[in-house]
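Each remark here refers to the structure printed beneath this line.
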Amino acid sequence: MTDILNCTKSEEVFYAAQDLMPGGVSSPVRAFKSVGGKPIVFDRVKGPFAWDIDGNRYIDYIGSWGPAICGHAHPEVTTALQEAIDKGTSFGAPCVLENKLAEMVIEAVPSVEMVRFVNSGTEACMAVLRLMRAFTGRDKVIKFEGCYHGHADMFLVKAGSGVATLGLPDSPGVPRTTTANTLTAPYNDLEAVKKLFSENPDAISGVILEPIVGNAGFITPEPGFLEGLRELTTENGSLLVFDEVMTGFRISYGGAQEKFGVTPDLTTLGKVIGGGLPVGAYGGKKEIMSMVAPAGPVYQAGTLSGNPLAMTAGIKTLELLKQEGTYEKLDSITSRLIDGIMQSAENNGIAINGGHVSAMFGFFLCDGPVRNFSEAKTNDSELFGKLHREMLHNGIYLAPSPFEAGFTSLAHSEEEIDKTIEAFDKSFNAIKN
Ligand code: HOZ
């Protein structure tokens, strides 16, 4: 292995963290468990770069798991935050900024006529599920294998992201009575969904999915899949819910629903709309959202929800994204990146299949195509681990799991992309048999 990194301080801090936090981390995917080696402890981030506490610099393709679409610590976002902070960090009362961000979200996302702000994607999905059940008077939900909708009890069934990365069974502590109402189908398999509907007549509140999967690696919907789900849910009196926590404002300004022209009944959002601060949201048709308390009987609340700092970072980020040419630029650099990665793997005789949509990308080290979670699991994990370590040593920070998507930002220039492709060339060359 190329050995240019000194990570002594990172190692010391991670070692000390073992006694302080479970696994030494605040969220499982950060622990590098499936790729081997020790996590890098960050000191600071700026633009497309992250620096660790030993002073090594990396080109970052995680972007804080999605929010950093304008680049880390964008000067306009940080200036807006500095100005906002003098007025207080949390009001626990209505503020004008909530109206502003709500208007921006409603204007952008086709399905959203009314929105509720929360503090994370997990919270948004948990709340949307309660609303789905309340609106339809039905308890069951269909989710897809490998999709991740946060860590609420009912979603911890064949879940992606950290659950898939660590190869965990469905989590202890989740009552069977709860997950009995969670039905699963393979992604991109409309027939399986049809079967579930016919086996559970008038019992399914809705279908929730990532319209592009980013939590089982990167998997795109096959032509007709989203449209088919729209038809099936409507025919069966169920709701269609897009979890756009990853894809919202990333795939296009109006999210995957705008890109693919399929409008769900409800949508969950997170990551980008918080501009790097903790924000989630759920929204949809007024008729459904009006059931949420205090307008209606479905209870959901939050002390820090809609706080002025998070709203400020979200508003500024969306203003930046709304500028002319944003999504063309994101598409062009991400396409340059994934084309380079594929070419480099092929040049080195390594099986790969991958792709991108706008600023989201991914690849599997296996023969394709990969259309669902079972196929994603044919990825060569050992080889991926070696690649991940090589790439770190070559100054590139990739998600430490094959079951996560990669993210680019407006701060990634062709120069960084080309350096990244060079690093892939070196790394593939080093790991090939
Ligand atoms: N959903 C994100 C990645 N799949 C969250 C990152 C995390 O779990 O820490």
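What follows is calculated from the coordinates using simple rules that are stated; it is not laboratory data. The model shown is predicted, which means the values in this text are computed figures rather than measured ones. Glycine gets a Cβ as well: all are built from the backbone with ideal geometry, and neighbour counts include every protein chain shown.
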Is the shape of the stretch 62-151 best called rounded, prolate or oblate, per the rule: a/c under 1.5 gives rounded, else a/b larger than b/c gives prolate, else oblate, with a ≥ b ≥ c the square roots of the Cα gyration tensor eigenvalues?
-> prolate
Quick one: grab Rg to one decimal and Dmax as a whole number for the stretch 24-73, Cα atoms only, in Å.
-> 11.3, 30
Where the eigenvalues come from the Cα gyration tensor of the stretch 60-110, what are the semi-axes √(5λ) of the equivalent ellipsoid, largest first, in whole Å?
-> 22, 18, 10
Going 7 Å from the Cα of Glu11 in the Cα-to-Cβ direction, what parts of the stretch 372-399 have a backbone nitrogen less than 18 Å from that spot?
-> 389-395
Please order Glu210, Glu107, Glu244 by the number of other Cβ within 10 Å, starting at the fewest.
-> Glu107, Glu210, Glu244
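When 1/r is averaged over all different Cα pairs and the result inverted, which Kirkwood radius in Å belongs to the stretch 322-409?
Mean inverse Cα-Cα distance, inverted, gives 13.8 Å.
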For the stretch 231-293, diffusion coefficient by Stokes-Einstein and Kirkwood Rh (Cα), 10 °C, 1.306 mPa s, µm²/s = 127
Could I get the Rg over Rh figure for the chain? Both from C-alpha atoms, Rh via Kirkwood, rounded to two places.
-> 0.95
Helix 326-347 vs. the chain, principal-axis angle (Cα, 0 to 90°, nearest 10) | 50
Binned at 5 Å from 0, what are the whole-percent values of the Cα-Cα distance distribution for the stretch 157-285, short to long?
-> 2, 10, 18, 21, 21, 17, 9, 2, 0
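When the helix-only estimate is applied to the chain (DSSP H runs of n ≥ 4, each -39,500 (n - 2.57), divided by the residue count), what is the mean residue ellipticity at 222 nm, nearest 500 deg cm²/dmol? Working shown, then result.
Values: 15 runs with 160 residues, N = 433.
Per the formula, -11000 deg cm²/dmol.
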Which percent, nearest 5, of DSSP beta bridges in the chain are antiparallel?
-> 60
How big is the charge dipole of the stretch 185-270 about its Cα centre, in debye rounded to the nearest 20, if each Lys and Arg gets +1 on its Cβ and each Asp and Glu gets -1 on its Cβ?
-> 200
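Arranged from highest to lowest average of other beta-carbon atoms within 10 Å per residue, in what order do the peptides 347-356, 89-98 appear?
Ranking the peptides 347-356, 89-98 by packing returns 347-356, 89-98.
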Give, in nm to one decimal, the length gained when the segment between Lys419 and Asp86 is fully stretched (0.36 nm per residue of separation minus the Cα-Cα distance).
-> 115.9 nm
Residue among Ala127, Ala216, Ala152 with the largest mean-square fluctuation in a Gaussian network model of the chain, springs linking Cα atoms under 10 Å | Ala152
For the chain, size of Cβ-based charge dipole, Lys and Arg +1, Asp and Glu -1, in debye | 820
Could you state the per residue volume, in Å³, of the convex hull enclosing the Cα atoms of the stretch 281-433?
-> 177
Nearest 10, in degrees from 0 to 90: the angle of helix 75-85 to the longest Cα principal axis of the chain is 50
Top of Gln82, Gln343, Gln323 by mean-square fluctuation, Gaussian network on the chain, Cα under 10 Å | Gln323
Would you look at the GNM of the chain, springs on alpha carbons closer than 10 Å, and say which of Pro294, Pro278, Pro211 moves the most?
-> Pro294
Gyration tensor over alpha-carbon atoms, the stretch 113-230, equivalent ellipsoid semi-axes in Å = 19, 18, 16
Give me the net charge of Gly23's neighbourhood, meaning all other residues with Cβ under 9 Å from the Cβ of Gly23; Lys, Arg count +1, Asp, Glu -1.
-> +2
Would you be so kind as to identify which of Ile333, Thr303, Phe363 lies farthest towards the positive end of the dipole of the stretch 233-388, taking Lys and Arg as +1 and Asp and Glu as -1 on Cβ and the Cα centre as origin?
-> Thr303
Tilt relative to the chain, helix 8-17 - C-alpha long axis, 0 to 90 degrees, to 10 = 40
